[in-house]
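Just below is one structure, and these are the notes that go with it.
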Amino acid sequence: MSDRPTSRTRRDFLRTGAIGAGAVTLATYATAPPAAVTTVRHWDDEADVVIMGSGAAGISAAIEASGRGVAVRVYEMLALAGGSSSLSGGVCYMGGGTPLQKALGFEDSTEDMYRFMVAASGVHAPLAKLQLYCEQSLAHFDWLVANGVEYSRRFSAEKELSHEEASLYFCGNERTHPYRELARPAPRGHVPPAKNQTGGRSLMQTLLASAQRHGVHVATGVTCERLVCASDGAVLGLEVRDARGKRNIRARKGVVLAAGGFIHNPEMLKKHAPELFPCAPHWGRAGDMGIGIRMGMSIGANVLHMHHGFAVLPLYPPENVLKGVVVNVRGQRCVAEDSYYGVIGHDLLFKQGGRGYLIVDRNSDYSAPDYRLVAAGEAPTIAALEAQLGLPPESLQQTVTYYNRFAERGEDPLLGKARDYLAPLIQQPFKAYDLGVDKAFYAVHTFGGLETTVNAEVVNAGGEIIPGLYAAGRTAAGIPVSPYYASGLSIGDATFFGRRAAMHAVARRA
């Protein structure tokens, strides 16, 4: 065998680097069965609310609990606090007429926000959670601002999160068919002003600073290994491990599991969400190993939507490429090209078997080679391009002929693409980009997790609440479902239901 290193592509690095790191973590931090309280000789520390994870859900829970006058402990496995939220764009999906929406001249209502979210969530819509989230969206905006989150009075008309310092934009499928007919569109993507899409870092720095002002200490480099339970199944605390060894932490009110999803656990991913496994990059911090989910499952917690996740296939920017057509391997259009890129990725990955093409002409092509997509063919005619791709005879020709006929009129009767993104494909050369899962850039993350109530209480397989156990963020099955129809749902869900967990735990009589 040669010692000479082999060449690796960017995709190889993103896939094997992320999963390889996750495999090491999995081997080192396998979840142990719960510990019976009778085996605990003494408690090494205690607090009213004990939180596993320091992302948006965990830190929001910590701020809320501490603000209500109780003692809090936060444990983070990694050396750096902030969780996957700090890697995100920092967008929080809020509406109903927030002060920022009003200041920038946009009208919105709780009813329109709810109608859109329910329709876009489809059959998996968590109605009770969505209703509560919409009804309390304005109060949640005020809570974020009260904790130091700042928003600039700038609106961005881009479909994508602005690279400049705008704080409000249309972050999802609000203006696409059929949702624009079901609910009045409004921009609901609220993001702290940050250049180069680093709003997540800014958001978490702000929330961590607020937690510190509230007297919350985040202990990093601490692994939460298992729950400590009473004989009746109630959760009483956590067994953790740090540089001092194993320690037992008592939770007088409750334990909040906010340890992220399982995108970096290859075995869980292959078992529960196999479509996401071959994608790259697997998005999230290395701690997203499903540890919190498995801890809950170890005491009988139910799980929901474990096959769900976002699959972001960012064809745009630039927006001119959306005047092209996305087709499957039968040469047929399958999704409106102006859809939010989480919807495009979902359709290609889950409905089309991870295969398809973006077809463009000279006017709708990228201006330069793009790292997200690989060219699959180029020809002077659609017929020749069809042959290059090995598509069924005349399939692509019929698709483009039909599309062009109506695009000339500014119409798309098949999929309802907005007029701004309609133009006939007539300028050669014609080009195809490979949207295959093994070729294109698919950023993926998991949504499945522990079943919870609207108060973030964890529910067991029998539908009963597990006393003293809460979950939020991607450890729980919250409001984000597949297809992921707007940026900011995950951060919004994490911060809101992290707070709900703390509220209920503080009020609980143990």
Problem - M268 being out of contact with any His (no Cβ under 9 Å at 6 or more places or on another chain) and farther than 18 Å from G436 by Cβ - result: yes
Practice task
Quick one: which residue in L238, L269 is more than 30 Å from S339 (Cα to Cα), surrounded by 24 or more Cβ atoms within 10 Å (Cβ to Cβ) and at pLDDT 95 or above?
Solution key: L238
Exercise for the section: Filter region 249-264 for residues that are at negative phi, under 16 Å from the mean Cα position of the chain (by Cα) and not aliphatic (A, V, I, L, M) and give the result. Expected result: G261, F262, H264
Handout entry: Those residues of region 167-183 which are surrounded by fewer than 22 Cβ atoms within 10 Å (Cβ to Cβ) and part of a loop (DSSP other than H, G, I, E, B), in sequence order
Key = R175, H177, P178, A183
Fill in the blank from the handout: Picked from region 129-166 (must be open to solvent by less than 70 Å² (accessible area, probe 1.4 Å) and basic (K, R)), the residue farthest from S66 (Cα to Cα) is K159
Practice task
Please verify whether region 424-443 includes one or more residues that are in contact with a Phe, Trp or Tyr (Cβ under 8 Å, 6 or more places away or on another chain), in contact (Cβ under 8 Å) with a residue 60 or more places away in the chain and closer than 30 Å to G292 by Cα.
Solution key: yes
Problem - Candidates P192, P187 - the one that is touching a Leu at 6+ places or on another chain (Cβ under 7 Å), of a type outside the set (A, V, I, L, M, F, W, C) and over 20 Å from V312 (Cβ atoms) - result: P192
Handout entry: Odd one out for F170, checked against (1) at pLDDT below 95; (2) in contact with a strand residue (DSSP E or B) (Cβ under 8 Å, 6 or more places away or on another chain)
Key = (1)
Exercise for the section: Could you check, for region 473-480, whether at least one of its residues is among the aliphatic types (A, V, I, L, M) and part of a strand (DSSP E or B)? Expected result: yes
Problem - In region 394-431, the residues that are part of a helix (DSSP H, G or I), of a type outside the set (S, T, Y) and open to solvent by less than 80 Å² (accessible area, probe 1.4 Å) - result: L396, Q397, V400, N404, F406, A407
Exercise for the section: Test A383 against the stated conditions and say whether it is part of a helix (DSSP H, G or I), surrounded by fewer than 17 Cβ atoms within 10 Å (Cβ to Cβ) and hydrophobic (A, V, I, L, M, F, W, C). Expected result: yes
Fill in the blank from the handout: Only one of (1) more than 23 Å from G468 (Cβ to Cβ); (2) modelled with pLDDT under 95; (3) open to solvent by 30 Å² or more (accessible area, probe 1.4 Å) does not apply to G199, and that is (3)
Handout entry: Subset tally (residues that are under 20 Å from K431 (Cα atoms) and open to solvent by less than 20 Å² (accessible area, probe 1.4 Å)) for region 346-364
Key = 8
Handout entry: Residues of region 292-311 classified as crowded, with 21+ Cβ neighbours inside 10 Å and β-branched (V, I, T), total
Key = 1
Problem - Close pairs (8 angstrom Cβ cut-off, 6 or more residues apart or separate chains): part of a loop (DSSP other than H, G, I, E, B) in region 186-198, among the basic types (K, R) anywhere - result: P193/R154; A194/R201
Fill in the blank from the handout: If we ask which residues in region 114-128 are open to solvent by 20 Å² or more (accessible area, probe 1.4 Å) and in a helix (DSSP H, G or I), their number turns out to be 9
Exercise for the section: Kindly establish whether P467 is of a type outside the set (D, E, K, R), surrounded by fewer than 24 Cβ atoms within 10 Å (Cβ to Cβ) and outside any loop (DSSP other than H, G, I, E, B). Expected result: yes
Practice task
Show the residue pairs that are 6+ apart or on different chains and have beta-carbon atoms under 7 Å apart, the first residue being within region 148-159 and under 13 Å from Q101 (Cβ atoms), the second being modelled with pLDDT of 95 or more and surrounded by fewer than 15 Cβ atoms within 10 Å (Cβ to Cβ).
Solution key: R153/A103
Problem - Test for T223: is it open to solvent by less than 40 Å² (accessible area, probe 1.4 Å) and touching a Lys or Arg at 6+ places or on another chain (Cβ under 7 Å) - result: yes
Fill in the blank from the handout: When region 236-245 is checked residue by residue, the ones that are farther than 13 Å from T38 by Cα and among the hydrophobic types (A, V, I, L, M, F, W, C) are L238, V240, A243
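The values are calculated or read from the model by the stated rules, or taken from the named source; none is laboratory data. Note that the structure is predicted; figures quoted are calculated from it, not measured. Virtual Cβ from ideal backbone geometry, glycine too; neighbours counted across all protein chains shown. The protein model used for the area step is the full one, side chains on, heavy atoms only, and it has no ligands, DNA or RNA in it. Shrake-Rupley method; radii C 1.70, N 1.55, O 1.52, S 1.80 Å.
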